[in-house]
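Input: a single structure, listed below in structure tokens.
The values are calculated or read from the model by the stated rules, or taken from the named source; none is laboratory data. All values derive from a computational prediction rather than experimental measurement. Neighbour counts run over all protein chains shown; Cβ positions are idealised from the backbone, glycine included. Quick note on the areas: whole protein, heavy atoms, side chains included, nothing else; ligands and nucleic acids left out. Shrake-Rupley method; radii C 1.70, N 1.55, O 1.52, S 1.80 Å.
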Amino acid sequence: RLSNKTTIDLGGGHKMDVGVFAFYKDLMHPITSFVGVIDQESVNLGLYTQNSGTYKTGKHLNRYRFGITTHFGETDAKVWTNVGGTPGSLTSNADQSAQNVVVYGENSFYVQPKLALITGMQYTYANRDVVDKITPSETDSSNYDSWNPKVGVMYKPTEKTQLFANVSKSYEAPDFSDLTQSGTSGFINVDAQEAWTLEVGTRGERGPIAWDISLYRAWLEDELLKFTTGGSVPATTFNAEDTVHQGAEIG
């Protein structure tokens, strides 16, 4: 794995981060006699940049950040029969390619010195592409994209204590384990998962005590689920229609 992040001081309370990363993975995994031996070589690359800063509009403080994150991956994916833990005959041979791009921006406008209105927007794009070298009919490609807004408030009764509430949208595209399932021609018909989440909480510290507490409720559409639905059906991925996640995160 290699990575680098450089921060450039632009002056006046503004800065720019620029980064790059790359990693290589070689996986030889004799998982079970039924699945076989998974043999994969993966190369992943990414670039990102973020601008952030603080300035005043009249008597009001304003903080901002915006940027772009990219992630590109290529995998040479093979599966062999499992002969006592060693590769036997080749049963699957595919080139998998994935691209993920996220463009985002967030702004915190302080209506009062202790109270900020937070707005944000994210655009996410994902591509999944597979070329099957053994069964060309399994070759397929899909694109996914979404606009994801966010709005919230943050109140700081003291310098080290925050109270916050926000509503935001999230989006998750399926991965190759979701899309390439046995018994299908090309990608299986699954959609990306979307959700609207309401969150309220507090974080801060006082003396030797620090805390981070949030209560949340998320309304999901097309949640990506994976579990066995019956004795004759192996674990597969499918979309639920409407689901709800709710709970507390306490630290």
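Of all residues in the stretch 9-30, those that are farther than 20 Å from L45 by Cα have Cβ atoms under 6 Å from Cβ atoms of residues that are basic (K, R), 6 or more apart or on another chain, in D9/K15. Considered as a group, the residues in the stretch 192-210 that are in contact with a Ser or Thr (Cβ under 9 Å, 6 or more places away or on another chain) and open to solvent by 70 Å² or more (accessible area, probe 1.4 Å) include one that is nearest to S170 (Cα to Cα), and that residue is W196. Strands (runs of 3 or more DSSP E) fully within the stretch 95-177 that include at least 1 residues being surrounded by 14 or more Cβ atoms within 10 Å (Cβ to Cβ) and modelled with pLDDT under 95: 115-132, 140-158.
Cβ-Cβ contacts under 8 Å between residues 6 or more apart (or on different chains), taken from a first residue in the stretch 161-185 that is closer than 25 Å to E249 by Cβ to a second residue that is at pLDDT below 85 and surrounded by fewer than 17 Cβ atoms within 10 Å (Cβ to Cβ), are absent.
Within the stretch 17-70, being assigned to a strand (DSSP E or B), of a type in the set (K, R) and either more than 19 Å from Y104 (Cα to Cα) or in contact with a helix residue (DSSP H, G or I) (Cβ under 8 Å, 6 or more places away or on another chain) (or both) holds for K25, K56.
Taking each residue of the stretch 67-88 that is open to solvent by 40 Å² or more (accessible area, probe 1.4 Å) and looking for partners that are among the aromatic types (F, W, Y) with beta-carbon atoms closer than 9 Å, six or more apart or interchain, yields I68/Y48; I68/Y104; T69/Y48; T69/Y104; H71/F21; H71/Y48; T86/W80; P87/W80. Taking the stretch 71-106 on its own, how many of its residues are more than 21 Å from the chain's Cα centre (by Cα) and over 19 Å from V43 (Cα atoms)? Looking only at that region, the number is 13.
Scanning the stretch 215-237 for residues that are among the hydroxyl-bearing types (S, T, Y), closer than 30 Å to V167 by Cα and at pLDDT below 95 yields a total of 1.
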